[in-house]
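A short write-up of the structure that comes next.
What follows draws every value from the coordinates through simple rules; no lab data is involved. Note that the structure is predicted; figures quoted are calculated from it, not measured. Here the Cβ positions follow ideal geometry from the backbone for every residue, glycine too, while neighbour counts run over all protein chains shown.
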Amino acid sequence: MSDGDLSETARERLADIVELHPTKNSELQERWGVESGSEVHSYLESELKEYYYRNEDSLICATPAAVELVGGDTTGMTVSVTPFQNAVIEVLVGPDERAESVVSVLHKLRDADGLGVDTEEADADAVRSALRRLADRGIVDVVQRVVPTFKLAVERDELAITVEDS
């Protein structure tokens, strides 16, 4: 679904998510005047799936695309990530560079110093999983070539990263 396909109601509800995030089903249920949290979930999945994600605490968060779509400011986006995801963000190419493969990111992780995690034990599956999770949250763009490649969706200085305790 492209942003032009969103109904006025969907845009208003998306603005609520941007304003309240991170938020809970119950907060949106109250704001939207719907009967249940499951109704909120169904609406999110059917109408706004590409504009939200759930963080590690299962709270509803707006993607950078959602913030941009409703005219918000994408700078200062706060995200909570695992230490390994943070290491991936640190080595991944920026949004204006050519996207790179999982294997490329893996090699950069193994070659990097001072990332705060043991990257020697990392494998391609762990890197792929971290990149996909970050892509689901709008932090990383996936560029499909022969194999999927990845790059940051936003500049590093636009992210305020909170690293979760492991």
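Computed quantities for the displayed model
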item: Loop-exposed trypsin sites (Lys or Arg not before Pro) per DSSP, neighbour cap 15 Cβ within 10 angstrom, longest uninterrupted part of the chain; result: 25-97
item: Calculated FRET value between E120 and V147, using beta carbons and R₀ = 35 Å, to 0.05; result: 0.90
item: Candidate lysines for bridging to K24, where Cα separation is under 27 Å - those fewer than 8 sequence places away on the same chain excluded; result: K49
item: Partner lysines for K108 [C-alpha distance under 17 Å; skip if fewer than 8 residues away on the same chain]; result: K151
item: Extended-chain gain in nm, criterion 0.36 nm per residue less alpha-carbon gap, R54 and V103; result: 14.9 nm
item: Charge dipole of the stretch 77-163 about the Cα centre (unit charges at C-beta), most positive-ward option of V79, P148, A124; result: P148
item: Listed residue (Y43, Y53, G33) projecting farthest to the positive dipole end of the stretch 3-69, Cβ model; result: Y53
item: Using alpha-carbon coordinates, inclination of helix 124-136 to the longest axis of the chain, degrees; result: 30 degrees
item: Kirkwood Rh and Cα Rg combined as Rg over Rh, evaluated for the chain; result: 1.00
item: Order of T82, T9, T23 under a 10 Å beta carbon neighbour criterion, fewest first; result: T9, T82, T23
item: At R0 = 35 Å, FRET efficiency that the Cβ-Cβ distance of A160 and S46 yields, to 0.05; result: 0.70
item: Dipole moment magnitude, nearest 20 debye, the chain about Cα centre, only Lys, Arg, Asp, Glu C-beta charged; result: 380 debye
